[in-house]
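To keep things clear, I will list the structure first and then write my remarks on it.
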Amino acid sequence: MQRNRRHRRSPRTRLAALTVTAVLLATGGALEASTAQGTPIPPERRAAAADDGARVVGRRWLDQRTVDLTIRSPAVGADVPVRVLLPASYAEAPDRARPVLYLLHGAHDDYTSWTRETDVEDFLADQEVITVMPSAGPTGIPTDWWNLGRRRPDYETFQIDEVMGLLRDEFHAGPTRAVAGVSTGGYGALAFAARRPGAFTAAASYSGILDTSATGIPTVVNAIVAREGQWPSALWGNAVVHRANWAAHNPYRLAARLKSTRLYVAQGSGIPNDDFGNLEGAFLEGTLWGQARGFVKRLADLDVPMQAHLYRGGSHAWSSWRREFERSWPTLAAGLGLSRNQEPVPAASAGAPQPPRTIQRSASGARTSMASGAT
């Protein structure tokens, strides 16, 4: 996939925002408690939307294969944008049932990031798969917010249930799904697969938050939420007082539920790094290094089949994630049931996940094999 340099926010900006927010958290700065992220549904329309379920209220075709939908979501309580990318063959066979690939965006970004930052349109043109890129709000954390017990907005239900139902209605989508995401979207990919066992046949995380209880990670999560002007505890509650809810949303704690899902986990060490133009991105990547290694080890200890690419260097940026998406494609394609001629095959004949070889690279670059299917 070719590099696209139209970045929404630079790593320097993201790092500065996280640093300022961390200080704000430490000093007890006041933040707004609202978690409405999208175009709010007017109060007089909310009951009708809830009664009728999610529905498409807007369509904007960008080209023959790409359409932006606006979905009125009872789960989120707002009109939420979603980008859908169709295969080149769709026009001639619109009634063919095709599997669905979810591509999730990261923090402080939006649903356009995958088509803005990658050549995913060309890469997937000849693949018999419907690709969906739903919004998770500015935080990029696709979860059901605690929000003082109100459990809204609920981006998990929106993305997994509401979006999928509309894809079936609008594009004749089949039941097979895979999911991949960057950064907080990587969290979403593994959290979805663990919280909804069997809903996704494959899941891939690129620099994702995979252990929300690891040292320093609750502060990172809170900073991401606060960066968007939200009250950090609105997400899952206080990390100590509401630790059961945090655990219920933590891929590390739910790792045993991933045995039936094909997995790909990618994470760079960040430092040392020879990309001197993006040292901030390298620092951010290194912040997530330890928790990713711990997650991979937990999968291995539980005999959960996986493919892990833990590599030296890298940055918390699309320059790394584009490469990892291509590396993970065989895992995702296998989960989607795509045969060699790109025709989708029935999910039942796709077979159970086989223990792939799992490779880990230490910070020094040495290759080591791990227990889960290693040779």
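What is the Cα radius of gyration of region 43-179 over 2.2 N^0.38 Å, N being its residue count?
1.04
Give me D for region 87-128 in µm² s⁻¹, whole number, from Stokes-Einstein with Rh from the Kirkwood sum over alpha-carbon pairs, 10 °C and 1.306 mPa s.
134 µm²/s
Can you tell me what percent of all Cα-Cα pairs in region 134-278 are more than 20 Å apart?
I get 49 percent for the Cα pairs in region 134-278 exceeding 20 Å.
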query = Ratio of region 290-332's C-alpha Rg to 2.2 N^0.38 Å, to two decimals?
reply = 1.28
query = What are the ³J(HN,Hα) values, in whole Hz, obtained from phi via the Karplus relation 6.51 cos²θ - 1.76 cosθ + 1.60 with θ = phi - 60°, for each residue of region 99-114 in sequence order, with x given for Gly and Pro?
reply = x, 10, 10, 8, 10, 9, 7, x, 5, 6, 9, 8, 5, 8, 4, 5
message = What percent of all Cα-Cα pairs in region 135-199 falls into each 5 Å bin, going from 0 up to the bin containing the maximum distance?
response = 4, 16, 26, 25, 18, 8, 2, 0
key: Inter-site label distance for R116 and R243 at 7 Å from Cα along Cβ, in nm   = 3.9 nm
task = Count charges around D144 for me, please; just the other residues with Cβ under 9 Å from its Cβ, Lys/Arg as +1, Asp/Glu as -1.
result = 0
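Based on alpha-carbon atoms only, what is the radius of gyration of region 263-337 relative to the globular estimate 2.2 N^0.38 Å? Each step should come with its number before you reach the end.
Values: Rg = 13.3 Å, N = 75, 2.2 N^0.38 = 11.3 Å.
In units of the 2.2 N^0.38 Å rule of thumb, it is 1.17.
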Lys, Arg +1 and Asp, Glu -1 on Cβ, resulting dipole of region 284-342 about Cα centre, debye, nearest 20 = 120 debye
inquiry  = Pairs of alpha-carbon atoms within less than 8 angstrom and 6+ residues apart define the contacts here; what relative contact order does region 79-202 have, in percent?
reply    = 33 percent
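Bear in mind these aren't lab numbers, they're just calculated from the coordinates by the rules spelled out. Keep in mind that this is a model prediction, so the values were computed, not measured. Using ideal geometry, Cβ is built from the backbone for each residue, glycine included, and neighbour counts are taken over all protein chains shown.
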